[in-house]
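Report on the following structure.
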Amino acid sequence: MPNCLFTQIDWDPVQAVGFDMDGTLYDEFDFIRQVYPACLEHGAEFLISTKLEEAKKFILTLWLEKGSSYPHIFGESFDCFGRRPEDRETFIGRALDCFRSFRPQLRLPARSAFILNLCRERWPIFLVTDGRPLLQTAKFEALGLADFFPKERRSFTGSLPQGSAKPSPVAYEALNLPYQGREVVFFGDRKPDFDFALNLGFQFVKVAVMQPLPN
């Protein structure tokens, strides 16, 4: 049972278990290694053609260094591999369009599926994920997460009013679940996930692909 796997949690009061998606239930790099090369290819006419493969390696390395919240990944990539400075904004716009509409091929890791099944046998489970709804829905569907989280148990903060992203509690409140405070355990991989849980008084477990990490 999960209480044997995550002993830092006081499971006695628990009535519901929540999950972040990216980095928590699957390795986000599995998405990144697909989407960023595709974005560069989509704007390849604005890049030095002989350095496209080098640019792909660069952008993946930059993501590993900076993470998903870094806002200049396309601009910095263009600065290193762009053909003409005047094309910078056009390239960034095209790359962003590709990123936001991308449909990845993903697989839910066996460990995550096993733990989700363990939890839902005992408690209601729910999902709260940040990001644009079209892209997050594409990831959600590719991972087969609809098998675990029905519509009333999933919250995409990009579909909610501005300012609803974690650590705001709005995404949980939108689910209209009756469980509060230490009755809820939330699994996440980033500080916004921790702060989200803290704001709601939830118990929190920091994980990477459902493997515990130090908080």
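The values are calculated or read from the model by the stated rules, or taken from the named source; none is laboratory data. Keep in mind that this is a model prediction, so the values were computed, not measured. Protein only, heavy atoms only, side chains kept; ligands, DNA and RNA dropped before computing areas. Shrake-Rupley method; radii C 1.70, N 1.55, O 1.52, S 1.80 Å.
Pull up all non-local amide H partners of Gly23: gap of 5 or more, or a different chain, and H-to-H distance under 5 Å with H placed in the peptide plane. Counting only residues 5 or more places away or on other chains, the set is Glu28. Per residue, the convex hull spanned by the alpha carbons of region 153-215 comes to 85 Å³. Convert 25 °C to kelvin, take the viscosity as 0.890 mPa s, use the Kirkwood radius over C-alpha pairs of region 114-170 as Rh, and evaluate the Stokes-Einstein diffusion coefficient in µm²/s, rounded to a whole number. After rounding, the answer is 203 µm²/s.
Regarding the chain, what's the average projected area of the Cα-atom convex hull, expressed in nm²? Spell out each step's value before the answer.
Details: hull surface 47.6 nm².
Hull-based average projected area comes out at 11.9 nm².
Quick check for the chain: number of Lys pairs with alpha-carbon distance under 17 Å, counting only pairs 8 or more apart or on different chains? Close lysine pairs found across the chain: 7.
Coupling constants for region 83-96 follow from the phi torsions by the Karplus curve (6.51 cos²θ - 1.76 cosθ + 1.60, θ = phi - 60°), and in residue order they are 7, 10, x, 5, 8, 4, 5, 5, 4, 4, x, 5, 5, 5 Hz; glycine and proline get x. Region 30-91 and region 115-175 have Cα centres lying 29 Å from one another. Accessible surface computed residue by residue for the chain, with neighbouring protein chains in place and a 1.4 Å probe, gives 50 Å² per residue.
Using the Karplus relation 6.51 cos²θ - 1.76 cosθ + 1.60 with θ = phi - 60°, the per-residue 3J(HN,Hα) values for region 39-50 come to 5, 5, 5, 5, x, 4, 5, 9, 10, 5, 4, 6 Hz, with x marking Gly and Pro.
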